[in-house]
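The values are calculated or read from the model by the stated rules, or taken from the named source; none is laboratory data. A quick note: this is a predicted structure, and the numbers were derived from the prediction, not measured. Neighbour counts run over all protein chains shown; Cβ positions are idealised from the backbone, glycine included.
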Amino acid sequence: MEKRSYPAVYRIVHWAIAVSFVLLIITIFLRSTWMNKYNVAAIIQDQLANTEQHVSEDQAIALAKMIRQPMWDWHIYTGYVLTGLFALRFMLPVFGRMKFQDPMEKGLSRITKFRMWTYLIFYVLVMVSLVTGLLIVWGPKEWKEPLEQVHLLGIYYVLAFIAVHLAGVLKAEFTDGKGIVSRIVSGSDNTEQ
């Protein structure tokens with residue numbers, strides 16, 4: 001396997017994208033589990049019932065949405081950051097940085113082609129998620145529901161990509177790509193010392 005070096009701009013963009021995805025996954029996880037509007041609404045209703053006050057389920061859900069709104073705002077802000085990072089990622093090759101590799105190039109090994117196609121498909125799917133997310137926030141209200149259904153699918157490919165990515169990195173680190181983790185963290189290969 002070739003030993004690629006990772007310049008600072010590559011490492012910064014890589015880790016900023018990674019952190020953005022982690023933050024997005026955390027907000028999605030919280031929204032669909034503990035901070036689910038129905039769970040929060042039930043807690044509100046139970047607590048108010050203890051004080052002999054009552055609210056309807058619709059009122060409790062409205063309160064639950066208000067409680068979790070700041071968390072969801074973080075999802076939106078992180079989506080904006082990720083949109084900017086992907087725009088930067090796609091502009092850098094124009095300046096000779098972070099070139100895209102062509103999976104159709106002749107002479108590539110099957111694993112290299114697989115890796116390149118995986119990234120290419122991932123980039124396309126992320127772009128779909130970013131565009132649908134932006135349209136959910138800024139587009140016409142009548143588009144919101146169908147766009148949300150497409151947007152929600154993003155969690156599946158993001159988790160799948162992260163699993164494949166980490167498996168590939170670990171495989172490389174322990175086989176023919178030793179030092180890949182050091183190079184993406186610090187820019188230098190600590191295995192050569």
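If you filter region 164-176 down to residues that are of a type outside the set (A, V, I, L, M) and part of a helix (DSSP H, G or I), you find that the one that is surrounded by the fewest Cβ atoms within 10 Å (Cβ to Cβ) is F174. Going by what's in this entry, would Q53 be described as free of Cβ contacts under 8 Å to residues at least 24 places away in the same chain, more than 23 Å from I162 (Cβ to Cβ), outside any helix (DSSP H, G or I) and over 15 Å from the mean Cα position of the chain (by Cα)? Yes; evaluated as a whole, the condition is true for this residue. I'd like the full set of residues that are surrounded by 14 or more Cβ atoms within 10 Å (Cβ to Cβ) and assigned to a loop (DSSP other than H, G, I, E, B), limited to region 102-118. The answer is P103, L108. Selection of region 119-142 for residues being out of contact with any His (no Cβ under 8 Å at 6 or more places or on another chain) and either in contact (Cβ under 8 Å) with a residue 40 or more places away in the chain or part of a loop (DSSP other than H, G, I, E, B) (or both) yields V126, M127, L130, L134, V137, G139, P140. Summed over region 90-101, residues that are touching a Lys or Arg at 6+ places or on another chain (Cβ under 8 Å) and part of a loop (DSSP other than H, G, I, E, B) total 1. Pairs linking a residue in region 80-108 that is in contact (Cβ under 8 Å) with a residue 12 or more places away in the chain to a residue that is among the basic types (K, R) and part of a helix (DSSP H, G or I), with Cβ atoms under 9 Å and 6 or more positions apart or on different chains, are M98/R89; Q101/R115; P103/K113; P103/R115. In region 78-101, of all residues being among the aromatic types (F, W, Y) and surrounded by 14 or more Cβ atoms within 10 Å (Cβ to Cβ), the one that is farthest from Y123 (Cα to Cα) corresponds to Y80. Contact annotation: residue pairs with Cβ atoms under 8 Å, 6 or more positions apart or on different chains, pairing a residue in region 148-163 that is under 17 Å from R115 (Cβ atoms) and surrounded by 13 or more Cβ atoms within 10 Å (Cβ to Cβ) with a partner that is modelled with pLDDT under 95 and of a type outside the set (A, V, I, L, M, F, W, C), are F161/T118.
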